[in-house]
Structure formats: structure tokens, C-alpha cells
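A.B. asks: Pasting a structure here, questions to come.
The values are calculated or read from the model by the stated rules, or taken from the named source; none is laboratory data. Everything numeric in this text was worked out from a predicted model, so none of it was measured. Heads up, the Cβs are rebuilt from the backbone with ideal geometry, glycines too, and the neighbour counts pull from every protein chain shown. To get the accessible areas, we keep the full protein, side chains included, count just its heavy atoms, and leave off ligands, DNA and RNA. Shrake-Rupley method; radii C 1.70, N 1.55, O 1.52, S 1.80 Å.
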Amino acid sequence: MRPNLRRCCRLPLLVPRQRPFQPQQPRPSRLQPHRSNHTTASLAYPRLYALQTGIARPRTFIPLPPPHPRTMATITISPADSLLKLITASFSNLDLSSATVSAEAPISSIVLRGTTGPISGTNTIATYLSPKLYPAQSYTAVETAEIAQWLSLSADNEAAPTEEYLATLNKHLKTRTTVLGEKPSVADLAVYVRIRDHARNWDADKRTGGPDGGYRYIIRWLDFVQNASEVFGVKVSEADKVPVDVNDVRVKLASEEPVKEKKEVGGAEAGKKDKKDKKDKKGGKEEKKGTSEVVVPAEKKAEKKGEEKSKKDKEEKKDKEEKKEKEKKDEGAAAAGGKEKKAKKEKAPKAPAAKKEETILTPSLIDLRVGQIVKCVPHPNADSLFMSTIICGDAPDSPYTTPLSTDPTLPPTTPPFRIVLSGLRGKIPIEEMQGRKVALVCNLKPANMRGIKSSAMVLAASPRGADHSNEVVELVTPPESAEVGDRLVFEGYAEGSPEAQLNPKQKFFDMLSPGFGTDSEGVAKFDGGVVFVSEEEGFTNKKFGKGVGRLVVQKTGELCKVKSLKDAVVR
């Protein structure tokens, strides 16, 4: 008997719930779209729709958004800037939004894409435009450094070129078609516009006269630059050209021809004779060859050979007799019991020790330049430091510069720059650090500060005896007319050139920095009277006294000042 599960388990009987019957709608095939919905088919299967309906649906393209308008550089040109006037008037591929001559601009400036402030300086702007002037030319690192050198030299001698500069340029162009040799460059344009007004006033004697032939190579090169527009690409009006009369040459120099080798006369026999005559067995001297071959009879040749042989035999016999006599003397001295003393070689007297060259301790050992801050941001690892990107006229291959690839926020046309760290955070607002000019010490040894290398030092003033935590700090500011990279010197201490890099072991900067300060007018100065000099260590200051010199731009003589601090310390 089967048990009653319901009565035994006392469980309700579970019956599955059934849904009402709904017939399934046929799903349209992917290959067979709905005929009632041709729009869907045309969007999903345009080719199949065209095959079924015979109507080809035109393709529709979604228009792309317009490209972002390119922001180009803007140049403001000073009326006295003849170089940038010539470049902007001659070249149309500079990608400039505008290039205007402003009577109110003391110096030329450029505003680059992505920068907050203008960058001033004719040479800096010319270097920026250089790749666009001659895009077909490529320059090596040596050529780039030479271009920078001639840009600087021509700027220093624009007002009144010295005789030394003209002689150097004339000698340089003697064997060159262009400043670099054969390649045109921005150096040709810079030297041309800065010297043509002076060359226009030269008389005929200065151009092609005198014992050295005058400055004829400069004149030849000037005439080539202003007339060869297909080479240099410049457009010089007839009124601006330097007149050159090729027929008015006061001194004609002898043409320098390469030395030609003399031809051998007489074929193979003459060649053998010359080789034999070159060696003189007695004196070892070379005999001079005549312009024509001298025929010597065979008898005389034999006599000459015999005489030479007899002379040689006599000399050998004489040497043997002298050797025998010497041996006899030595034997007699030994028999008499005498002992021959060995002759001691006299020692060469010691050369006197070279006197240590006297090092003149002077502020000119420090490389002070005008720099411009491109960008300033807080140091990522220090609360009291600013990290500034500063350009100061460095060459592209300078070991102090930082590669452009390290900062993707800078435009690709940014000139070579340095990373400079300064302890000004919290003392100067970061807004005042953007785009301003500063006085920069450029030849200190780079130092790592919280993981970032600093390649220069910014000069700033603070009150004497102030607490470092709450002190007022003001930057030493060059004049607005100063160009980026201009050298700064102290009056009375400008003689001499700066060191490539100050040796930290010699502590030149530490010995000179106590003399830095500001005067009663807020002008930066150097007081030699407070500088400690030790003659025991070899450093003397006999040439320069204890004078006070103000910090000026070497090229113009303009002063570098601070905002308001007087009789303050500069460090």
C-alpha cells in the first residue's frame, strides 16, 4: 500500500504556475530587413537596401570640428632695430601674426605662443627666427656657436666698430664667401645691417688702400650680400645699398697662387741622378737642382767616385790609429796602478719652479648677465623654493641648459633655458616672478636642491641684520632696455673676463659676495673695502683698490636697481 505523502508530511502540494499562451512573433532575418521600415534597413545595411529596392542611398559624413586656430608669435620692433626690420620685410614665411614698428618701444620684443610675457632682445629674436630664414640649411653645433658669437660681436660694435673688430672681420672673410664659409645664415644679415652705414662713409683708401689692402674683403662681402637675393633672400632697396665701384682699387695685391711642383727633366735617368745628388755622404746636405739637366761625362763620374772612395778610406784609417793610441794609454795607466775614475755625469740644474700666476680677485670673475623668467612655479618638494625657467643668452650646446623635452608645457620655439631655484617663496608673490627680468650669476657650479638641479642664482636684496624668516626681499632688476644675455659689470671692475665656472674650492664667490649691496639710491653696488683678501693663499687685490662700483649694463652703462631697499645686502 502506497503511503499518502500529503498526510504524512503535512506539506502543501506545490503546483507550478502556468503563463497564458502567447504566440511568438517571427523575428526578421538580418539578411531580410522589414519592408515596412526601409529607413532602419538603409542605415544598417545600405548595400543590401540598394540591391533590394534599386535605390542607392547617398553616403552621409559627419563633419569634423574646425581645427583650433594656431596662435602665432607677435613682434614689436624698435625704430632703431635695423636687423628685424630687414628680416620681417624680406621673408614671408615667418609665421607671425603681426610685426609692427612702434616708436614707443625702446627695444624689440616678441610674444611667443604659450608664454605669459614678452621676450626682449634683437639677438634672441633673430636666433628664434633663424630656422625659418633658411630652412634648407642645417648647422652643426660649432656653426651655431659661431653664429651666436658674430651676433654678439656685431651688436657690441654697431654704434662704433673698433679697428680690432674690423680687422678680425676682414681677415675672417678673406677666404670665406659667407660668415660661416659657404652657408648663408642670420649672422650674415646681422653683421651686414650693423656695418653697412659705417662702410658707406669709408673713403677709397680705407676700402682698398693701405699696406694691407684696406677692408677690401668686407666690401666684397657686403656687395655680395646686398645683391645676391637668391642666396640670402634679403630685399635691399637701392637707397640702402652700399655703393661699390669695382674699378676704384687703390692698391692691387699680388695674386696668391699655389706653389707648383717642378717637373723632372731628363726622364728616368734624371730622376735617378736627383735622388743620388740629394744625399751628400760627407756633409749630409741637399744640393740644389738646376732648371736644366747638366750632362756629366762618364770619365769625370769615375774620377769623382774614386776621390770619394779614397777620402773615405783615409778617414777610416785615421779613426783606427786614434783608437789604438787610446788603448795603449789606458793599458799604461792600468800598469802604473792608477785607477781610472768614472766621470760622473753632471746633473742638469733643476729648472726654477714656475712662479704661481697671481690671481687678481675682482668681481669681473663672476659671470653676471641679464636673464628673463619665462615661467615660475613652486618647487614640488620644498615649501620655501621657487623653480624658475630663465633664458639668459646661452648657446644651444651649453652644459648649463636644460633640454626642452623635460617641459612639455613650453612651446617648441623656446630659446635655450636654465632651471634656477630660489628661496623666494613666501617672500615675493609668484605673480611678480612671471616674465620679469632679473640679474643672474651664471658661472656657479650647478647644485642639486631637493632633487632638482639649479644652474644659476638670482640676485636679491634684503635689509641688513633682518630676520631671515620675516625679512623683506626685492629682486635686483636690470633696466627695461637691456637685452637678454647682456653682461652686467661693476663700475671700475669691468676689466677682465669671467671664469667659465667658478671653482668652489677657491671660494671666489664667497670672498666677493660680502661686498655686494645697495647704495642710498637703491642701486646695486660692490664695495671692495669690505672684501677680505688673504695673500697667504695667493690671492691679492693690488690692481684694484678699495673702491665702490655700481652694477651697470656693460653695453649701455644703465644702472641695475631694487624697488625700495637702500643700504641693503645683496646675495
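A.B. asks: Scanning segment 507-532 for residues that are touching a strand residue (DSSP E or B) at 6+ places or on another chain (Cβ under 8 Å) and in a loop (DSSP other than H, G, I, E, B), which turns out least open to solvent (accessible area, probe 1.4 Å)?
C.D. replies: Gly522
A.B. asks: Against the condition surrounded by 22 or more Cβ atoms within 10 Å (Cβ to Cβ) and either over 17 Å from the mean Cα position of the chain (by Cα) or under 22 Å from Leu488 (Cα atoms) (or both), how does Asp394 come out, does it pass?
C.D. replies: In short, yes.
A.B. asks: Counting only residues that are in contact (Cβ under 8 Å) with a residue 24 or more places away in the chain and part of a loop (DSSP other than H, G, I, E, B), how many does segment 212-228 have?
C.D. replies: Looking only at that region, the number is 3.
A.B. asks: Can you confirm whether segment 91-100 contains a residue that is under 16 Å from Thr74 (Cα atoms), within 16 Å of the chain's Cα centre (by Cα) and among the aromatic types (Phe, Trp, Tyr)?
C.D. replies: Within segment 91-100, the first condition is being under 16 Å from Thr74 (Cα atoms), and the residues that meet it are 91-100.
Cutting the leftovers down to within 16 Å of the chain's Cα centre (by Cα) gives us none.
No, because not a single residue in segment 91-100 is under 16 Å from Thr74 (Cα atoms), within 16 Å of the chain's Cα centre (by Cα) and among the aromatic types (Phe, Trp, Tyr).
A.B. asks: Select from segment 94-133 the residues that are assigned to a loop (DSSP other than H, G, I, E, B) and in contact with a helix residue (DSSP H, G or I) (Cβ under 6 Å, 6 or more places away or on another chain) and write down the one among them that is farthest from Val186 (Cα to Cα).
C.D. replies: Ser108
A.B. asks: Sticking with this one: Please count how many residues of segment 387-398 are assigned to a strand (DSSP E or B) and more than 21 Å from Pro118 (Cβ to Cβ). Reasoning before the result, please.
C.D. replies: Here is the first cut: in segment 387-398, the ones assigned to a strand (DSSP E or B) are 387-391.
Okay, now just the ones that are also more than 21 Å from Pro118 (Cβ to Cβ), so 387.
Residues flagged as assigned to a strand (DSSP E or B) and more than 21 Å from Pro118 (Cβ to Cβ) within segment 387-398 amount to 1.
A.B. asks: From the list Leu488, Leu502, exactly one residue is surrounded by 13 or more Cβ atoms within 10 Å (Cβ to Cβ), part of a loop (DSSP other than H, G, I, E, B) and hydrophobic (A, V, I, L, M, F, W, C). Which is it?
C.D. replies: Leu502
A.B. asks: Just wondering, is there one or more residues in segment 354-368 that are open to solvent by 90 Å² or more (accessible area, probe 1.4 Å), modelled with pLDDT under 65, over 30 Å from Glu480 (Cβ atoms) and of a type in the set (Gly, Ala, Ser)?
C.D. replies: Yes, segment 354-368 has at least one match.
A.B. asks: Do any residues in segment 444-467 that are touching a residue at least 40 places away in the same chain (Cβ under 8 Å) have Cβ atoms under 8 Å from those of residues that are outside any loop (DSSP other than H, G, I, E, B) and open to solvent by 70 Å² or more (accessible area, probe 1.4 Å), where the two are at least six apart or on different chains, and which pairs are they?
C.D. replies: Pro446/Lys453
A.B. asks: Could you list, in sequence order, the residues of segment 162-202 that are open to solvent by 10 Å² or more (accessible area, probe 1.4 Å) and under 14 Å from Arg220 (Cβ atoms)?
C.D. replies: Passing the criteria: Asn170, Lys171, His172, Lys174, Thr175, Arg176, Thr177, Arg196, Trp202.
A.B. asks: Taking interchain pairs and intrachain pairs at least six residues apart, which have beta carbon atoms under 6 angstrom, with the first residue in segment 73-94 and on the phi > 0 side of the Ramachandran plot and the second crowded, with 16+ Cβ neighbours inside 10 Å and of a type outside the set (Asp, Glu)?
C.D. replies: Within 6 Å, no pair qualifies.
A.B. asks: Out of Ala141, Ala159, I need the residue that is out of contact with any Leu (no Cβ under 9 Å at 6 or more places or on another chain), within 26 Å of Gly371 (Cβ to Cβ) and open to solvent by 70 Å² or more (accessible area, probe 1.4 Å). Which one? Working first, answer last.
C.D. replies: Values: Ala141 fails: open to solvent by 70 Å² or more (accessible area, probe 1.4 Å).
Selected residue: Ala159, the only one of Ala141, Ala159 that is out of contact with any Leu (no Cβ under 9 Å at 6 or more places or on another chain), within 26 Å of Gly371 (Cβ to Cβ) and open to solvent by 70 Å² or more (accessible area, probe 1.4 Å).
A.B. asks: Taking Arg194 and the conditions (1) modelled with pLDDT under 90; (2) part of a helix (DSSP H, G or I); (3) of a type in the set (D, E, K, R), which numbered condition does it fall short on, given that it satisfies the others?
C.D. replies: That leaves (1) as the condition not met.
A.B. asks: So which pairs qualify, if the first residue must be in segment 229-250 and at positive phi, the second must be surrounded by 10 or more Cβ atoms within 10 Å (Cβ to Cβ) and assigned to a loop (DSSP other than H, G, I, E, B), the Cβ gap must be under 7 Å, and the two must be at least 6 apart or on different chains?
C.D. replies: Taking only residues 6 or more apart or on different chains, the pairs are Gly233/Phe91.
A.B. asks: Restricting to segment 146-172, count the residues that are touching a residue at least 60 places away in the same chain (Cβ under 8 Å) and farther than 17 Å from Leu83 by Cα.
C.D. replies: 0
A.B. asks: On to the next question. What is the one condition in (1) open to solvent by 50 Å² or more (accessible area, probe 1.4 Å); (2) assigned to a helix (DSSP H, G or I); (3) more than 27 Å from Thr144 (Cβ to Cβ); (4) among the aliphatic types (A, V, I, L, M) that Ala239 does not satisfy?
C.D. replies: (2)
A.B. asks: Looking at (1) under 20 Å from the mean Cα position of the chain (by Cα); (2) in contact (Cβ under 8 Å) with a residue 40 or more places away in the chain; (3) open to solvent by 50 Å² or more (accessible area, probe 1.4 Å), which is the only condition Gly426 fails?
C.D. replies: (1)
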